[in-house]
Amino acid sequence: MNANNPSDTAVHPYTREMAMIHQVFRRESRLLAELVQEVRPADTARARILAEHWRLYSVGLHTHHTGEDEMLWPVLLPHLDLDAEQVLAMEAQHHALAEGIAEVQRLMDRWEAQARPEDRDELAEALRTHHRQLCAHLDEEEREVMPMVALHVSEEQWHALGERGLAETPRNRLMIALGAILEDSSPEERQEFLGRLPLPARVLWRLLGRRQYRRETARIRGGHTAA
């Protein structure tokens, strides 16, 4: 099982779906560092936009990790013996990431106020550190832990985890969250993911959601490309 290739047809659906969600955090953490670094001195309007985007990103990552800690690892651990150490390592990495996120938030608050270049540079470096730490964690989780999840977590338990994440997403952000997941997905992944949604959600995505997501990404990224 190649957990690092979500488009591989041999990959379990849980692993493929988790990799699609992880890709959102990989992309946005990288872009945040790049976008902050590009802000001109004293451009507090731009700093406010990126600070708000960071807050939404960090809340989303916290929700994702809390869901795993409270609903995924407790289900998985009773099935494991020596491999339990790998799952416990995921929890420890979540705590380490939370410490880095708190430091980024402190630097973000300071930079947002006046958008001074020295604050910007320190913040951008902290964001780059967060991105590297996060990617190492996500890579390890997909490689080492998701194959165990595929073996031992039932469809009902997996669905409950997804429902929790959905319930904790503000209703006015649902289409933006969907767009973020679909942005880097292959056509096959996109079709499969949308196919699992209720018909009203699919219609809403086609009629309004795609445009809403394009407007949001244009506001956040400006002329910066995600690739």
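Quick look at the numbers
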item	result
Residue in region 195-203 that is part of a helix (DSSP H, G or I) and surrounded by 16 or more Cβ atoms within 10 Å (Cβ to Cβ) present	no
Flag for PRO41 being over 14 Å from LEU134 (Cβ atoms), assigned to a loop (DSSP other than H, G, I, E, B), at pLDDT 95 or above and in contact with a Lys or Arg (Cβ under 7 Å, 6 or more places away or on another chain)	yes
Count of residues meeting criterion [open to solvent by 80 Å² or more (accessible area, probe 1.4 Å), in a helix (DSSP H, G or I) and either modelled with pLDDT under 95 or over 13 Å from GLY179 (Cα atoms) (or both)] in region 208-226	1
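The values are calculated or read from the model by the stated rules, or taken from the named source; none is laboratory data. Bear in mind the structure is a predicted one, so any value in this text is a computation, not a measurement. Note that we place each Cβ from the backbone using ideal geometry, even for glycine, and neighbour counts take in every protein chain shown. We work out accessible area using only protein heavy atoms, side chains counted, and drop any ligands, DNA or RNA first. Shrake-Rupley method; radii C 1.70, N 1.55, O 1.52, S 1.80 Å.
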